[in-house]
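**Student:** Take a look at this one; I'll ask things after.
The values are calculated or read from the model by the stated rules, or taken from the named source; none is laboratory data. All figures in this text were calculated on a predicted structure; none of them were measured in a lab. Using ideal geometry, Cβ is built from the backbone for each residue, glycine included, and neighbour counts are taken over all protein chains shown. These area figures cover heavy atoms from the full protein model, side chains too; ligands, DNA and RNA do not enter into them. Shrake-Rupley method; radii C 1.70, N 1.55, O 1.52, S 1.80 Å.
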Amino acid sequence: MQEPFGQRGRLAAGVVLLAILAGLVLWAGAVPSDLMTSGHPDEVEVTPNREAYVGEQVAIGGRVVDTEPVVIATRASGYGRFTLANADEELQNSDMALERGDRVTAFGTLEDESTLVVDRTTVGNASGTAYMLFVSFVGGLWVVSRFVRDWRFDRGQLAFVRRDGPLSLRDVIPGTRGDASGGDRGA
C-alpha cells in the first residue's frame with residue numbers, strides 16, 4: 001500500500017506538529033498567572049502571619065489532628081493548627097466524616113487567628129493516588145509491549161510497519177528458539 005503524500009508529506013506533518021507543540025509551550029509560558037493557583041492566600045502565607053488574614057477568604061491545607069472539633073496542622077511537626085468550623089458539613093468528595101490523619105484542603109473565611117469558617121472541604125486520598133499511578137504504569141507497559149510485539153521500524157520506508165507475525169519472547173531471548181535442529185541441546 002502506497003502512502004497518499006509520500007515521504008515528504010510525512011516529514012511535513014512532523015514539522016507542523018512540532019511547530020504546534022513549540023507554539024503551545026510558548027503560549028503556556030506567556031500566560032500572565034499560574035492557572036493552578038486559586039488567587040487566595042494558602043497555608044504558606046497565612047500560618048506565619050495569621051492576624052493579617054482575619055476576615056479574608058483563604059485556602060488552607062493540612063492533616064487532621066483532631067476530629068471534635070476538626071483541627072488541622074499545616075506543618076508536619078504539628079505547628080500551624082487551625083480549627084475548621086463546618087468542615088464535615090461542607091465536605092465535597094467523601095461521604096464519610098473526617099478522621100485523624102486525613103489530608104484535607106479547606107476553603108473559607110478566617111474568623112479569627114485559629115478558626116476557619118469553611119465553605120468547602122476536600123480530602124486528598126493518598127491510596128487512591130498510588131492506585132491511579134500503579135494502574136497507569138501497568139497500562140503504559142501493556143501498550144508499549146503491544147506496540148513492540150506487533151510493529152517494527154522499517155529503515156527503508158523510515159516508518160513503523162506491522163509485523164508479519166507477532167513477536168514473542170522466544171524471538172527476543174537467545175537460546176530459547178524452538179527450531180527443528182534442536183538448538184544447543186548437545187549431540
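**Student:** Out of the range 110-137, which residues are within 16 Å of GLY62 (Cα to Cα) and of a type outside the set (D, E, K, R)?
**Tutor:** LEU110, SER114, THR115, LEU116, VAL117, VAL118, THR121, THR122, VAL123, GLY124, ASN125, ALA126
**Student:** Being among the aromatic types (Phe, Trp, Tyr), assigned to a helix (DSSP H, G or I) and at negative phi narrows it down to one of PHE147, PHE153, PHE160, so name that one.
**Tutor:** PHE147
**Student:** Which residue pairs have Cβ atoms under 6 Å apart, sit 6 or more places apart or on different chains, and have a first residue in the range 160-187 that is modelled with pLDDT of 75 or more and a second that is assigned to a loop (DSSP other than H, G, I, E, B) and surrounded by 10 or more Cβ atoms within 10 Å (Cβ to Cβ)?
**Tutor:** Matching pairs, first to second residue: ARG170/THR176; ARG170/ARG177.
**Student:** When only residues in the range 27-51 that are open to solvent by 90 Å² or more (accessible area, probe 1.4 Å) and farther than 26 Å from GLY78 by Cα count, which is modelled with the highest pLDDT?
**Tutor:** The extreme case among them is TRP27.
**Student:** Any residue that is without any contact (Cβ under 8 Å) to a residue 24 or more places away in the chain and in contact with a strand residue (DSSP E or B) (Cβ under 9 Å, 6 or more places away or on another chain) - is there at least one of those in the range 126-138?
**Tutor:** yes
**Student:** Out of the range 68-77, which residues are open to solvent by less than 60 Å² (accessible area, probe 1.4 Å) and part of a loop (DSSP other than H, G, I, E, B)?
**Tutor:** If the condition is that a residue be open to solvent by less than 60 Å² (accessible area, probe 1.4 Å) and part of a loop (DSSP other than H, G, I, E, B), then THR74 is the only one that fits.
**Student:** Sticking with this structure for a sec: It is to be established whether one or more residues within the range 113-135 are in contact with an Asp or Glu (Cβ under 6 Å, 6 or more places away or on another chain), of a type in the set (Phe, Trp, Tyr) and either surrounded by 10 or more Cβ atoms within 10 Å (Cβ to Cβ) or assigned to a strand (DSSP E or B) (or both).
**Tutor:** no
**Student:** Now for a separate question. Report every pair of residues separated by at least 6 positions or lying on different chains whose Cβ atoms are under 9 Å apart, first residue within the range 109-121 and under 13 Å from ALA87 (Cβ atoms) and of a type in the set (Asp, Glu), second modelled with pLDDT under 90 and open to solvent by 50 Å² or more (accessible area, probe 1.4 Å).
**Tutor:** ASP119/ASN86; ASP119/GLU90
**Student:** Within the range 78-95, is there a residue that is in contact with a helix residue (DSSP H, G or I) (Cβ under 8 Å, 6 or more places away or on another chain), surrounded by fewer than 17 Cβ atoms within 10 Å (Cβ to Cβ) and modelled with pLDDT under 90?
**Tutor:** There is at least one residue in the range 78-95 that is in contact with a helix residue (DSSP H, G or I) (Cβ under 8 Å, 6 or more places away or on another chain), surrounded by fewer than 17 Cβ atoms within 10 Å (Cβ to Cβ) and modelled with pLDDT under 90.
**Student:** Collect the residues in the range 78-112 that are aromatic (Phe, Trp, Tyr) and assigned to a strand (DSSP E or B), keeping them in residue-number order.
**Tutor:** Of everything in the range 78-112, those that are aromatic (Phe, Trp, Tyr) and assigned to a strand (DSSP E or B) turn out to be PHE82, PHE107.
**Student:** Moving on. Are any residues in the range 96-111 open to solvent by 60 Å² or more (accessible area, probe 1.4 Å) and either within 24 Å of GLY39 (Cα to Cα) or of a type in the set (A, V, I, L, M) (or both), and if so, which ones?
**Tutor:** The answer is MET96, ALA97, ARG103, THR105, GLU111.
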